[in-house]
1. Are there helices (runs of 4 or more DSSP H) fully within the range 266-380 with at least 3 residues that are among the β-branched types (Val, Ile, Thr)? List them.
2. Looking at the range 113-123, which of the residues that are assigned to a helix (DSSP H, G or I) and either touching a residue at least 60 places away in the same chain (Cβ under 8 Å) or of a type outside the set (D, E, K, R) (or both) is surrounded by the fewest Cβ atoms within 10 Å (Cβ to Cβ)?
3. For the range 86-112, name all the residues that are open to solvent by less than 10 Å² (accessible area, probe 1.4 Å) and without any contact (Cβ under 8 Å) to a residue 60 or more places away in the chain.
4. Keeping to the range 383-392, report how many residues are free of Cβ contacts under 8 Å to residues at least 60 places away in the same chain and surrounded by fewer than 24 Cβ atoms within 10 Å (Cβ to Cβ).
5. Go through the range 36-79 residue by residue and tally those that are within 22 Å of residue 218 (Cα to Cα) and of a type in the set (A, V, I, L, M).
6. Quick one: is residue 131 under 18 Å from the mean Cα position of the chain (by Cα), touching a residue at least 12 places away in the same chain (Cβ under 8 Å) and part of a helix (DSSP H, G or I)?
7. Looking at (1) in contact (Cβ under 8 Å) with a residue 40 or more places away in the chain; (2) surrounded by 19 or more Cβ atoms within 10 Å (Cβ to Cβ), which one does residue 310 not meet, given that it meets all the others?
Amino acid sequence: MSNSDLDQKAKSILIENDQGGYTVPTKGLYPYQWNWDSVFVALGFATFDQDRAWREIEMLFQGQWRDGMVPHILFRKDDPSYFPGPSVWGTDGGPIPSSGHSQPPVAATVIRELVDADVTGQSLDRAAALFPKLMQWHRWFLAYRDPQDLGVIAVIHPWESGRDNLPDWDDALRAVEIADIGPYERKDTSHVDPAMRPQKADYDRYLSIMAACRAVKWDPAEVARTCPFFVADPGVTFIFLRANRDLLSLAERLGRAAEATEIRGWIAKMEAGAKTLWNEDLKAHVAFDERSGKLTDGISSAAFLALYAGIRDETTMKSLQAHFDRIASKVRFLMPSYDPDHASYEPLRYWRGPVWAMINYMIARGFAEAGDTMRAERLRADTASLIETGGFAEYFSPETGAGAGGGTFSWTSAIWLSWASPTHAEQAA
């Protein structure tokens, strides 16, 4: 398939997955509106329909909770093909039935990108309307996912990280007592090969965490205090730090001086706090279990998001370049979601090894902004090759390039259109 054919295919996938202003990740496996999926999808729509790009994000924020949280799933309709649905979550925090926790906050970064790309200046009005909602959401993260003021962002559930079965969660999950879940039937394994999905033991604990949060009625302060799972995540931390920098840019453009001062304080705190996640033995940022006080022992693809977050000191830069080159010597396609030298690496099981296009996009931006255009281009070229050979899959084997998980995936299509496609690369040059 030619590049122009792939461009058209990616566009058609977004249009086919459009549910009337919001997009499902892929039909069947994921029938609702997902938080960070929608925001990345906006990048794809922006390549051919700016208004539709904005609408995607605006509809996401329609589900914002009264306390400021933007949930990870909005259940805009009842679809029995998905488990766990709204009745299992048991939330009542916002105007639309939803899950009870959030997801990586990429919205401010993408909104800034939409504003930057609009030469007419008309997008600034839409950004202005969303700005107070972004401030509420960022304040929520700081209040309820960093209650100890460490300068890092914790997740209360593996799903909140967006990287569900990452090996970094294994030890913290084992400490979760399996309780109050009852019999259940998963739906994901009827759509996708079970060998590519989280295992039943993981799911039992996922549901046990939900039950513990339901018991305190999803009160955010109580959840932060009592949730059996509370792990500082380099992925969410670095995405949030980057989002704060982009939110600051929006605040300055909109003339919001008080908010700009507030955001600068957040950035300074998080730049210092990131040191909490540094594993000196590995020479990389890792997860930190705030319940046990232990750092994890493996390097995930999120470690490379330090550059995207603006952490570019010499030690971090040189360490990441060395890890990049080491990993590149182990696999055909970058960047695997977990270190192939680690015992927990699995090349086709969800977040335990596969390559994800939107993670590559963020890592590459970090390298490019730090001046390392060679490694940034390697990531773009690998992502393009994966899509050319494996289609618009949810994720890909770093070893063979085979597409895995769901097919005709929205955010993979969006990343192709906005970044990976050689057509886009030529236009950007």
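1. Here the list reads 314-328.
2. Selected residue: 117.
3. 98
4. Residues flagged as free of Cβ contacts under 8 Å to residues at least 60 places away in the same chain and surrounded by fewer than 24 Cβ atoms within 10 Å (Cβ to Cβ) within the range 383-392 amount to 5.
5. Taking the range 36-79 and keeping what is within 22 Å of residue 218 (Cα to Cα), we get 36, 60-78.
Narrowing further to those that are of a type in the set (A, V, I, L, M): 60, 69-70, 73-74.
The qualifying residues number 5.
6. Judged against the criteria, residue 131 is not a match.
7. It is condition (2) that residue 310 fails.
Every residue, every condition in (1) free of Cβ contacts under 8 Å to residues at least 40 places away in the same chain; (2) more than 21 Å from the chain's Cα centre (by Cα); (3) over 18 Å from residue 373 (Cα atoms), yes or no:
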site: 269; (1), (2), (3): no, yes, yes
site: 273; (1), (2), (3): no, no, yes
site: 280; (1), (2), (3): yes, yes, yes
site: 291; (1), (2), (3): no, yes, yes
site: 300; (1), (2), (3): no, no, yes
site: 305; (1), (2), (3): no, no, no
site: 325; (1), (2), (3): yes, yes, no
site: 343; (1), (2), (3): yes, yes, yes
site: 350; (1), (2), (3): no, no, yes
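The values are calculated or read from the model by the stated rules, or taken from the named source; none is laboratory data. Everything numeric in this text was worked out from a predicted model, so none of it was measured. Every residue, glycine as well, gets a Cβ built from its backbone with ideal geometry; the counts of neighbours run over all protein chains shown. Ligands, DNA and RNA are stripped out before the accessible areas are found, and what is left, the full protein with its side chains, is counted by its heavy atoms. Shrake-Rupley method; radii C 1.70, N 1.55, O 1.52, S 1.80 Å.
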